[in-house]
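What follows is a short report on a single structure.
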Amino acid sequence: MIPIVKTPKDYQAFRINPEDSNRLAIVFDQTDADVSLTICVEIFDRGGKTPPNWHQLAIEMFYVIKGEGLAICDGKSVPIHAGCSLLVPPTGVHQIQNTGSTRLYALCIMVPNENFAELIRSGSAASLDEEDLKVLSHLG
């Protein structure tokens, strides 16, 4: 298999629901490779948050790239900021909130996919603006 290389300009972004205050930019999913995983960057506007959610089988990991927020899992809250990693076990009811004064950027990896990529792609197409591309271009 030839390695797949993308840049942030190649990422497709979506809002799962039009009124959501977060966007998900898909980095890799099963459309790129025959692997059951989803890797995306979740971008939270100021005050943005995910709805509480859980996954039957999947493990979800977040790595905060920029910004600060609050991670809630099974009723426990912990502050998060750039450099923090968060691992959510299957069935853990979780939510991420942006509590900072700027956007919150988090790399999100879900294994197995558990229809996460399909859910993201079923939403409304969104764009990555200049600020997003600047942050994502400085990864690594």
Study note, to complete from the structure: Residue hits (the stretch 1-26; of a type outside the set (D, E, K, R) and either in contact with a helix residue (DSSP H, G or I) (Cβ under 7 Å, 6 or more places away or on another chain) or within 21 Å of Thr102 (Cβ to Cβ) (or both)) are Pro8, Tyr11, Ala13, Phe14, Ile16, Ser21, Asn22, Leu24, Ala25, Ile26
Review point. In the stretch 22-49, what count of residues is obtained for those that are surrounded by 16 or more Cβ atoms within 10 Å (Cβ to Cβ) and within 25 Å of Lys134 (Cβ to Cβ)?
Key: 17
Practice item. Identify, by number, the condition in (1) among the hydrophobic types (A, V, I, L, M, F, W, C); (2) loosely packed, with under 14 Cβ neighbours inside 10 Å; (3) more than 26 Å from Thr91 (Cβ to Cβ) that Ala13 doesn't meet. Key: (2)
**Study point:** Scope the stretch 105-127; condition surrounded by 19 or more Cβ atoms within 10 Å (Cβ to Cβ) and closer than 16 Å to Gly67 by Cβ; matching residues
**Key:** Tyr105, Ala106, Cys108
Exercise for review: Please state which one of Leu139, Leu128 is modelled with pLDDT of 95 or more and in a loop (DSSP other than H, G, I, E, B).
Suggested key: Leu128
**Study point:** Subset of the stretch 50-88 [of a type in the set (Lys, Arg) and either crowded, with 17+ Cβ neighbours inside 10 Å or part of a loop (DSSP other than H, G, I, E, B) (or both)]
**Key:** Lys66
Practice item. Return the only residue of Thr102, Thr91 being surrounded by fewer than 15 Cβ atoms within 10 Å (Cβ to Cβ), over 20 Å from Asp32 (Cβ atoms), among the polar types (S, T, N, Q) and without any contact (Cβ under 8 Å) to a residue 40 or more places away in the chain. Key: Thr91
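The values are calculated or read from the model by the stated rules, or taken from the named source; none is laboratory data. Predicted model only: the values in this text are computed from it and were never measured. Using ideal geometry, Cβ is built from the backbone for each residue, glycine included, and neighbour counts are taken over all protein chains shown.
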